[in-house]
Ligand SMILES: Nc1nc2c(ncn2[C@@H]2O[C@H](COP(=O)(O)OP(=O)(O)OP(=O)(O)O)[C@@H](O)[C@H]2O)c(=O)[nH]1
Ligand SMILES: [Mg+2]
């Protein structure tokens, strides 16, 4: 009889034959595959695998669609309900602890509800929470008890916090939850009372930082603590540079963009015509990763709008106006209404 031994960090089937394939370990008795071991102990990411397959889901399932507040512009872009139309879909808007204290959460919730309606997305509930807040996790457990279905699946984009939630609900202490995108390779499962909770591999989102940057760099650009909004005043001809990655410029007299990004991300003011030479210089830092920078103009209507740049954060801008973003080719950018008032 053959048994399958899995890595307890990422769920991959352990194998000792091919170091270039997922799940490689020197010894099948190890708790972790080599990739998870190196990530856990040395913070080193040796290879980026993107799990592709989504297993079929049973009808009597609760699907917790986990999204980070940083990924909300793409919240309803995966037609996941097609995988199992009979399941109950509950949207978990996770990592709300990243938003500044005092953020108008009811405004955020109403915006998301309006967005779901516009996109004709069916859902059972929308829950705003933080997987790192024990009080929120207890609430979620009560909620699951009430629904009382045998199978609960955590689905969503990579790095949205599925494994963090899985660990919090089931008290698993081995699964790895870190900023490495695509960490969970295959479904992990554990009991929670009379239910089974499945932590699924993350859905791959093209255009996020992991698309162009190595783990060692992008892990420091993604916020992990409460974001303090940064307000800038720009006059005609001025621009802002974010690290060597993004630049924001505009057409008009003045603009007061408010950035929601990690505290460690350096932002500095420059002149619009300095963007290109500065990016070329800065490129040294990201040289191996960024092939080419592109420009994109955003026409901002009247009102408060949000430009989201990959999974790094977003900026709020009051329209009307015309804003230009310069960014590494291939990174995801979007313009939406601001999800909350400043
Ligand atoms: N601040 C904050 N960070 C969180 C929260 N939930 C998860 N994180 C962090 O987000 C990162 C990714 O979390 P994971 O749980 O590994 O994400 P995942 O969805 O399982 O990712 P994949 O396995 O790649 O699909 C980790 O650094 C977590 O500590 C949260 O509610 N608040
Ligand atoms: Mg995971």
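Picking from 140, 126, which residue would you name as being assigned by TED's automatic domain parsing to the domain that holds residue 170 and part of a strand (DSSP E or B)?
That would be 126, the only listed residue that is assigned by TED's automatic domain parsing to the domain that holds residue 170 and part of a strand (DSSP E or B).
Which ones in the range 200-231 are within 14 Å of ligand 1 (Cβ to nearest atom) and under 17 Å from residue 292 (Cα atoms)?
Scanning the range 200-231 gives 208, 209, 210, 211.
If you check 122, 100, which single one turns out to be under 23 Å from residue 203 (Cα atoms) and either at pLDDT 95 or above or away from ligand 1 (no atom under 16 Å from the Cβ) (or both)?
Only one candidate passes the filter, namely 122.
Considering 224, 220, which residue is outside the structural domain of residue 128 (by TED's automatic domain parsing), in contact (Cβ under 8 Å) with a residue 60 or more places away in the chain and surrounded by fewer than 20 Cβ atoms within 10 Å (Cβ to Cβ)?
Within the list 224, 220, the selection yields 224.
Looking at the range 1-13 only, could you name the residues that are surrounded by fewer than 21 Cβ atoms within 10 Å (Cβ to Cβ) and assigned to a loop (DSSP other than H, G, I, E, B)?
Those that are surrounded by fewer than 21 Cβ atoms within 10 Å (Cβ to Cβ) and assigned to a loop (DSSP other than H, G, I, E, B): 1, 2, 3, 4, 5, 8.
How many residues are more than 17 Å from residue 9 (Cα to Cα), modelled with pLDDT of 95 or more and touching a strand residue (DSSP E or B) at 6+ places or on another chain (Cβ under 9 Å) if we restrict to the range 192-204?
So the answer is 3.
Keeping to the range 156-194, report how many residues are part of a strand (DSSP E or B) and touching a helix residue (DSSP H, G or I) at 6+ places or on another chain (Cβ under 6 Å).
Total meeting the criteria: 3.
Could you tell me which residue of the range 196-206 is farthest from residue 158 (Cα to Cα), considering only residues that are surrounded by 19 or more Cβ atoms within 10 Å (Cβ to Cβ) and over 11 Å from the mean Cα position of the chain (by Cα)?
197
The values are calculated or read from the model by the stated rules, or taken from the named source; none is laboratory data. Keep in mind it's a predicted model, so treat the numbers as computed, not measured. With ideal geometry, Cβ positions are generated from the backbone for all residues, glycine too; neighbour counts draw on all protein chains shown.
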